[in-house]
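The values are calculated or read from the model by the stated rules, or taken from the named source; none is laboratory data. Because the structure is a prediction, the values reported are computed rather than measured. Here the Cβ positions follow ideal geometry from the backbone for every residue, glycine too, while neighbour counts run over all protein chains shown. We work out accessible area using only protein heavy atoms, side chains counted, and drop any ligands, DNA or RNA first. Shrake-Rupley method; radii C 1.70, N 1.55, O 1.52, S 1.80 Å.
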Amino acid sequence: MTTTGPRLEEVTPGNLDAALGIRVRPGQEHAVAPVVKSLAEAYVHPGVAWPRLIVDGDRPVGFLMAFLDIDWHEDGSVLRSGLWRLNIAAGEQGRGYGRFAVESVAGELRRRGTKELYVTWHPGPDGPEGFYLGLGFRTNGETSGGQTVGVLDLT
Ligand SMILES: CC(C)(COP(=O)(O)OP(=O)(O)OC[C@H]1O[C@@H](n2cnc3c(N)ncnc32)[C@H](O)[C@@H]1OP(=O)(O)O)[C@@H](O)C(=O)NCCC(=O)NCCS
């Protein structure tokens with residue numbers, strides 16, 4: 001990381017190509033959608049999707065997309081917020097950018113008064129489970145579309 005540290009940028013015409021150019025490692029592509037799909041989803045879910053490019057100095061190092069108050073069971077009974085997508089670029093992994101992304105979303109949700117940060121991940125040794133558990137997420141026994149549901153307490 002640079003001495004000034006990483007930051008989040010809104011996706012704009014000026015950095016769109018940089019965002020689209022973020023690629024995870026080839027063996028990780030099952031674990032997360034490509035940025036282009038996330039940005040298309042952000043377009044059709046305005047107000048719910050919160051996409052950001054992760055930049056360190058002048059280097060685009062990753063992409064995240066949070067979700068804000070999703071109707072989890074599609075019946076209006078439970079609203080949840082959390083991390084929808086996290087893609088750290090292949091050559092930038094292991095440098096703390098994933099942790100920065102999670103902490104940034106946690107900070108944004110706290111500012112909005114949210115008490116829990118949800119995430120879902122593909123189970124299995126090649127997935128990010130160890131990353132999330134190491135950051136303090138706990139499983140809650142739920143699955144969603146075949147993925148493990150994890151939650152981080154923000155209180
Ligand atoms: C999972 C991912 C986001 C981690 O990002 P990263 O920038 O490499 O992670 P960091 O460098 O911030 O690591 C933070 C800590 O988690 C650990 N960690 C990272 N990936 C891990 C993994 N797959 N399993 C176990 N621990 C892991 C690091 O060793 C580090 O631990 P430390 O603080 O004790 O040294 C990144 O590998 C990635 O983009 N993977 C492909 C896409 C993906 O799975 N996204 C999540 C979709 S839900």
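Data for the structure
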read-out: Percent carbon-and-sulfur accessible area, the chain, ignoring ligands, DNA and RNA, probe 1.4 Å; value: 51
read-out: Segment 6-153: radius of gyration and largest Cα-Cα distance (Dmax), Å; value: 14.6, 43
read-out: Contact order normalised by residue count of segment 6-153, Cα under 8 Å, 6+ apart, percent; value: 19
read-out: The chain - accessible surface per residue (Å², probe 1.4 Å); value: 53
read-out: Under Karplus coefficients 6.51, -1.76 and 1.60, residue-wise ³J(HN,Hα) of segment 32-46 in Hz, glycine/proline x; value: 7, 6, x, 4, 4, 5, 4, 5, 5, 5, 4, 5, 8, 10, x
read-out: Distance histogram for segment 1-69 (every C-alpha pair counted, 5 angstrom bins, percent rounded to whole numbers); value: 3, 16, 26, 24, 18, 10, 2, 0
read-out: Selection from A49, A89, T148, by position along the positive dipole direction of segment 6-153 (Cβ); value: A89
read-out: Net dipole in debye of the chain [+1 Lys, Arg Cβ; -1 Asp, Glu Cβ; about Cα centre; nearest 20]; value: 360
read-out: Point-to-point label distance, E9-T143, nm (Cα→Cβ direction, 7 Å offset); value: 4.0
read-out: GNM flexibility winner over the chain from G82, G145, G91 (Cα, springs under 10 Å); value: G145
read-out: The chain - mean residue ellipticity at 222 nm from DSSP helices (-39,500 (n - 2.57) per run, n ≥ 4, rounded to 500); value: -6500 deg cm²/dmol
